[in-house]
Amino acid sequence: AKISSEQINTFTIGFEDPKFDESKIAKQFSEIIGSTHNEHVCGANDALKMLDKLVEVYDEPFADSSALPSLLLNSIVKNHATVALSGDGGDESFFGYLHFDSVKKFTKLKWLPFTLRNAIASLLPRNFPVIGKVKEIFEVKSERHFVESVFTGYDSLQKKRKTSWLQRYTKYFSLTTDPMQQAADLNIKLWLENDSNVKVDRASMAYSVEVRSPFLDYRIIEFARTLPVAYRYIEGNKKRILKDILAEYIDQSVFEQPKKGFSIPLKDWSCNELKEELLEALNDDFLHKIPNLNTVKFKKEMKEHFNGEANNIFSIWKLYLLSRWYKEFGF
């Protein structure tokens, strides 16, 4: 904004559900930097209209639900600009994700013998969000196993567990002994490369928009990795050094507001606007075509989800997107 000869444009997608909405925070930023702000509130119908586009342009089963608002966002940006800046890569290099808190908590537990942790875990129920998370943490044997669990926690619908695909990435555990940095390295190699960058690139190219991400400059990534962990994360203060820099320009009370991520109210939509379509798509005929799928377990999860007993939207959404892709292309 400082160096531009013209007033810059900023864009954001908001949601009616306050649990997912960051539009008010985005508006605060736009007022501070003096941008021409463009905001669109994304309802269920807006997102669901993008499903056909998602299947078409991603060209493979792609179950990150934030691809829907990403497509919608770029369809709006196209009316104003052909090149845009994004913040992709900041969370990976500077410990911005919530699971870094979990990794740090586990490192503080390692003085407690695994046999004792496991015994405590056996007494805790799994069905309550906070207690269930504590139970999961206590059940993990070592720091490495915990870091691995961050990236392999969604394989539970397999009938038979095959050799973990994560074994191909074991070298990333030998580059450093710090579990926080190990998780960050895997974030870059797995999540950023295979999900986040794919999502943004295809959503933007679908509308001939070029998104540039300064945090993905290899010099930034390499420099960040040389910084001590405490410069980037300390006592739950994620992306610490970036916040120290930002505080020179923007009041801390603005950027310290809770991060919500670019997720959508998929659980609510799945039980309302999308319910009939989900149930129709995930029928027995389709489910039995998927190799190694524990159909009995998945159908139980679906029943619990739609009865309001559990939130299993991640499993349901993955298989739903697979069904959409199968319907279009077959396999």
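The values are calculated or read from the model by the stated rules, or taken from the named source; none is laboratory data. The structure displayed is predicted, hence computed values, not measured ones. Please note: Cβ atoms are built from the backbone with ideal geometry, for glycine as well, and neighbour counts cover all protein chains shown. Note: areas computed on protein heavy atoms with side chains; ligands, DNA, RNA excluded. Shrake-Rupley method; radii C 1.70, N 1.55, O 1.52, S 1.80 Å.
Taken over region 179-237, the residue count meeting the criterion of being under 25 Å from P69 (Cα atoms), touching a residue at least 24 places away in the same chain (Cβ under 8 Å) and of a type outside the set (S, T, N, Q) is 20. Of all residues in region 252-274, those satisfying the criterion of being out of contact with any helix residue (DSSP H, G or I) (no Cβ under 7 Å at 6 or more places or on another chain) and either charged (D, E, K, R) or free of Cβ contacts under 8 Å to residues at least 60 places away in the same chain (or both) are Q252, S253, E256, P258, K259, K260, D268.
I'm checking my understanding of the structure. Among residues of region 79-89 that are surrounded by fewer than 19 Cβ atoms within 10 Å (Cβ to Cβ) and not aliphatic (A, V, I, L, M), which one is farthest from V209 (Cα to Cα)?
Step one: filter region 79-89 for residues surrounded by fewer than 19 Cβ atoms within 10 Å (Cβ to Cβ), giving 79-83, 85-87.
Still in the list and also not aliphatic (A, V, I, L, M): 79-80, 82, 86-87.
Numbers: N79: 10, H80: 10, T82: 5, S86: 12, G87: 16 Å.
Ranking the candidates gives G87 first.
The residue that is surrounded by the most Cβ atoms within 10 Å (Cβ to Cβ), counting only those in region 290-300 that are in contact (Cβ under 8 Å) with a residue 40 or more places away in the chain and assigned to a helix (DSSP H, G or I), is F298.
In region 23-50, the residues that are within 23 Å of D64 (Cβ to Cβ) form Cβ pairs under 9 Å with partners that are open to solvent by 50 Å² or more (accessible area, probe 1.4 Å) and among the aliphatic types (A, V, I, L, M), at six or more places apart or across chains, as follows: S23/V41. Identify, from the list S263, S315, the residue that is assigned to a helix (DSSP H, G or I) and modelled with pLDDT under 95. The unique qualifying residue is S315. Among the residues making up region 40-72, those that are out of contact with any helix residue (DSSP H, G or I) (no Cβ under 7 Å at 6 or more places or on another chain), open to solvent by 40 Å² or more (accessible area, probe 1.4 Å), part of a helix (DSSP H, G or I) and not polar (S, T, N, Q) are D52, E56.
Pull up region 303-329, narrow it to residues that are open to solvent by 20 Å² or more (accessible area, probe 1.4 Å) and among the aliphatic types (A, V, I, L, M), then point me to the one that is farthest from K160 (Cα to Cα).
Going residue by residue through region 303-329, those that are open to solvent by 20 Å² or more (accessible area, probe 1.4 Å) are 303-304, 306-312, 314-315, 318, 322, 324-329.
Those still in the list that are among the aliphatic types (A, V, I, L, M) too: 310, 322.
Details: A310: 24, L322: 20 Å.
Ranking the candidates gives A310 first.
Scan region 177-191 for residues that are in a helix (DSSP H, G or I) and over 18 Å from D101 (Cβ atoms) and jot them down. Once the filter is applied, which keeps residues that are in a helix (DSSP H, G or I) and over 18 Å from D101 (Cβ atoms), region 177-191 yields I188, K189, L190.
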